[in-house]
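The structure appears below as C-alpha cells.
The values are calculated or read from the model by the stated rules, or taken from the named source; none is laboratory data. The shown structure was predicted, so the numbers you read here are calculated from the model rather than taken from an experiment. Here Cβ is always computed from backbone atoms with ideal geometry, including for glycine, and neighbour counts include all displayed protein chains. SASA here: full protein model, heavy atoms, side chains in, ligands and nucleic acids out. Shrake-Rupley method; radii C 1.70, N 1.55, O 1.52, S 1.80 Å.
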Amino acid sequence: MGLVGTAAVRDGGAALPHGFWAAVRVWLEKPQVANRRLYGAAIEAEGTVPLGEGGEASPPFAAGRAASVGAAELSRLWSEVRGQLPAGHGHLPPPLTPWPGPGRRSELRAVLRTLLPRGRPVAPPVPPTKELAVQDVYNGTMTFLPLEENSKGKYQIKKCNIYQIQLTHIKDEDWSVSIVAPFPEDWFSDGIVYPKLAWLGNELLSRLAKWSVEQKPSEFKSTLSLISVAKYSKVYQDLKEKYKEMVKVWPEVTDPEKFVYEDVAIATYLLILWEEERKEKGLAKKQSFVDLGCGNGLLVHILNNEGHSGRGIDVRRRKIWDMYGPETHLEESTIVPGDSHLFPDTDWLIGNHSDELTPWIPVIAARSSYSCCYFVLPCCFFDFHGKYSRRQSKKTQYREYLDFVAQVGFVCGFHVEEDCLRIPSTKRVCLIGKNRTYPPTERALIDKQITQYISNRQTCAVVTHDRRVGFNHEDHSDVCKETGSELPENETESAGTIWMPEFQPREKVEQIRNCASLPQDFVDDVVLNVANLLLNAAPQKSCSNMCGEKMNTWNQGESLSLREVAEHLNKETLKRLKSEYGGLQTLLKNNHQVFEVLNGRVHIRDWRKEKPSRKTKPEVKRCLSAEAFKTRLCWFFIHHPDGCSLPSESCPYAHGTEELRQSQIIKKKKHIW
C-alpha cells in the first residue's frame with residue numbers, strides 16, 4: 001500500500017547499522033550525488049527534539065558550516081510542525097514505523113535542511129525547499145517532513161510528500177532497506193526537489209542499499225566544505241547566466257563549455273571565500289589578487305568584473321585576451337621564483353592549474369608579505385625543480401601530490417585548508433593558505449626554514465612520514481627536524497635573486513608534440529608499414545559478412561601489441577617517434593580511420609563493426625560530423641588489398657577523388673570567431 005520499494009542487503013563485514021546511518025547522512029548532506037537536478041543541501045540546524053509535551057531541543061551541532069538556525073528556533077519549529085502530523089499528537093501515520101512513546105527513548109534527532117535546485121535554462125527557477133528530517137535510531141528510521149511556508153510565515157508539513165527510510169534486521173547477516181510513503185496516491189512530483197516515487201523506490205533505494213555496506217572511506221573532503229552551499233548555488237547561477245555568451249565566441253581550440261563553466265565555478269568559490277574573509281577580518285575593501293599562470297585569463301576577467309583589482313600573468317599570450325577589453329589586466333611574462341617576482345601589495349595569489357609554479361605559490365605568498373594568502377588548484381605534478389617523483393605506493397599519485405603541496409604550505413607557515421570544488425575536471429581539490437601559524441616577529445625564522453626545505457627537496461628528497469589518507473598538520477609539525485642538518489651560513493638566505501637556478505619555466509612558444517607536426521609523408525609511411533605488418537602477421541584472417549546470398553570476405557589481419565609493432569620499425573623511425581608525447585601509440589590513435597588501439601594492442605579498424613554513439617551528440621558536433629563527410633580519401637579504398645569493407649554510400653570517406661567534398665569546417669569556425 002505505502003511501500004515504495006525495498007532492497008535486500010547482506011552484511012558480511014559488520015557494516016550495519018552504522019553503514020545505514022552513514023548512507024542516510026550522504027542523502028541528507030549531499031543529495032546531489034543521487035539527484036542530479038539538485039545543487040546540494042544546506043544543513044540549517046541539527047539537534048535532539050523531545051517526543052513528550054514541552055521541552056527544549058538540545059543545542060544543534062553542525063556538519064561543516066551549518067547551524068545558522070539556533071536551538072530555540074529548531075525547538076519552535078518542532079513544536080509548530082509535530083502537531084500537524086496526520087495521526088495527531090505528533091504520531092506518524094501508518095504504514096510508517098511510529099516513533100517511541102514517552103520514556104527513556106523519547107528523544108529524536110532532527111535535521112533541518114534546505115534543498116537547493118539547479119538552475120534550468122528555459123524554465124523559471126525553482127525556489128529552495130525546506131525539509132525536517134527526523135532520525136529514530138532505536139527503530140532504525142529516518143522520516144522526511146517537507147515544509148511549506150504560508151502567508152503568515154509559519155511552516156506547514158506538505159503531508160502528501162512525507163516519506164520514511166527504514167532499516168530492518170531480518171536475521172544473521174540479512175537486512176533490508178525500505179522506503180515508505182503514507183499517501184502515495186497523492187504524491188506530488190516536480191521532477192526536481194520532489195522526484196517521482198518510482199525514482200525514490202529504484203534509484204535512491206539502490207544507492208542507499210549500496211552505500212550502507214560500502215566501507216570505502218573517501219580520500220577527499222566533501223565538495224564546498226569551507227563555504228555556504230546555498231550562497232554558492234545562487235552566485236554560480238548568476239555568473240553562469242552573465243558569462244554564458246563566452247561559450248559562443250570562444251576563439252581557442254580548447255572546449256569552450258568546459259573552460260568557461262569551470263572558471264565560472266572557480267570564480268564563484270573565490271568570491272564567496274573572499275566575502276566571508278572580509279566578514280571574519282572586518283575588511284571593507286575587496287581583496288586584490290594575482291593569478292600566476294593565468295592561461296586564457298577568463299578567471300581574471302570575471303574577478304575584475306566582479307570588483308576585485310588584480311591581474312593575470314602567463315608566459316604566453318592567448319587569442320582570447322584581445323576580447324576582454326582594457327578593464328581585464330593580463331600580462332605576458334615569464335615567472336621565475338625569486339626576489340623579482342614577489343607581490344607585497346597583493347592580498348591573494350592564485351594558482352589555477354599552474355603546473356611548474358604550483359609548489360612555489362605558497363613560497364611566493366609567504367615571502368611576499370605576512371598578510372598574503374594563496375589558493376592553488378593542483379593539476380600536473382611538479383616539484384620545485386621539475387617533474388614530481390612518487391615516494392609512497394600506498395596512496396594514489398594525486399593524493400600524494402596534494403599532501404606534498406599541503407606540506408609546502410605548512411613549511412611556509414600557513415594553516416592549510418583543503419576543499420573539493422564542483423568543476424568538470426578530475427583534479428578538483430584546492431588548497432588554501434589563509435592564516436599563519438606564527439607571529440610576524442618569526443618571519444626570518446620561517447624564511448630560513450623554507451630555504452632549508454627547498455634545498456633538501458632538491459638534494460636528499462624529503463620523505464613524508466604521513467601514511468594515512470589525507471593531510472594532517474600534526475604529521476608535519478617536526479618537518480624541520482626531518483630535513484637534515486642546518487645549512488651553511490651563506491645558504492640560509494633566499495638564495496639571492498633567483499631561488500633555484502635549476503627551475504625550468506614553460507617555454508614561451510608551445511611545442512606541439514602529439515605527432516601532429518610530423519611530416520605527412522613520414523606519417524603515411526609508418527601507417528602503411530604497420531598496416532602491412534598486421535595484414536601479413538598471420539595467414540589471412542577473413543571476416544565474413546552476409547549480404548543477401550552473397551558471401552564477401554575482407555581481411556582484417558592480426559592484432560599485435562605495441563611492443564611487437566615497435567620491434568618491426570627501424571631505429572630512426574622509433575627515435576623520431578620517441579620525441580613526441582605518446583610516441584607510436586599517439587600516431588596510431590591519431591590515424592583513427594585505419595587503426596584501433598585497445599588495451600595496448602593494435603588492430604586494423606573494421607568500419608562495419610562501428611556502432612553509433614549511444615549518447616546524443618551536441619548540435620555543434622553533429623554539424624561538424626556532417627560537414628566532414630567525404631572530405632578525406634578512404635585509406636582502405638586506396639591501400640587495402642580487399643579495398644574498403646563498406647560500400648561507397650556507407651563509408652564516411654571518399655572512394656576516389658571524384659567523391660571528395662570541400663570541407664566547410666574552417667569557414668564555419670572563422671564565422672564564429
Got a number for residues in the range 522-558 being modelled with pLDDT of 90 or more and either more than 20 Å from residue 644 (Cα to Cα) or β-branched (Val, Ile, Thr) (or both)? 5
Does residue 393 satisfy the condition of being polar (S, T, N, Q), part of a loop (DSSP other than H, G, I, E, B) and either out of contact with any helix residue (DSSP H, G or I) (no Cβ under 8 Å at 6 or more places or on another chain) or over 30 Å from residue 249 (Cα atoms) (or both)? yes
If a residue has to be among the small types (Gly, Ala, Ser) and open to solvent by 20 Å² or more (accessible area, probe 1.4 Å) to count, how many in the range 289-335 make the cut? 4
If we keep only residues of the range 226-248 that are of a type outside the set (A, V, I, L, M) and in a loop (DSSP other than H, G, I, E, B), then the residue farthest from the chain's Cα centre (by Cα) is 248
Matching residues in the range 151-173 (under 20 Å from residue 82 (Cβ atoms) and free of Cβ contacts under 8 Å to residues at least 24 places away in the same chain) number 2
Look at residue 81 and say whether it is farther than 27 Å from residue 226 by Cβ, at pLDDT 80 or above and not in a strand (DSSP E or B). yes
If I go through the range 249-274 residue by residue, how many of them are open to solvent by 60 Å² or more (accessible area, probe 1.4 Å) and part of a helix (DSSP H, G or I)? 3
Odd one out for residue 277, checked against (1) more than 26 Å from residue 25 (Cβ to Cβ); (2) at pLDDT below 90; (3) in a helix (DSSP H, G or I): (2)
Residues (among the hydrophobic types (A, V, I, L, M, F, W, C) and more than 19 Å from residue 431 (Cα to Cα)) located in the range 307-364: 313, 315, 320, 321, 323, 330, 335, 336, 342, 343
Residue set 228, 212, 176; condition open to solvent by 10 Å² or more (accessible area, probe 1.4 Å) and under 19 Å from residue 29 (Cα atoms); output residue 228
If residue 111 meets every condition in (1) at pLDDT 90 or above; (2) open to solvent by 50 Å² or more (accessible area, probe 1.4 Å) apart from one, which number is that one? (2)
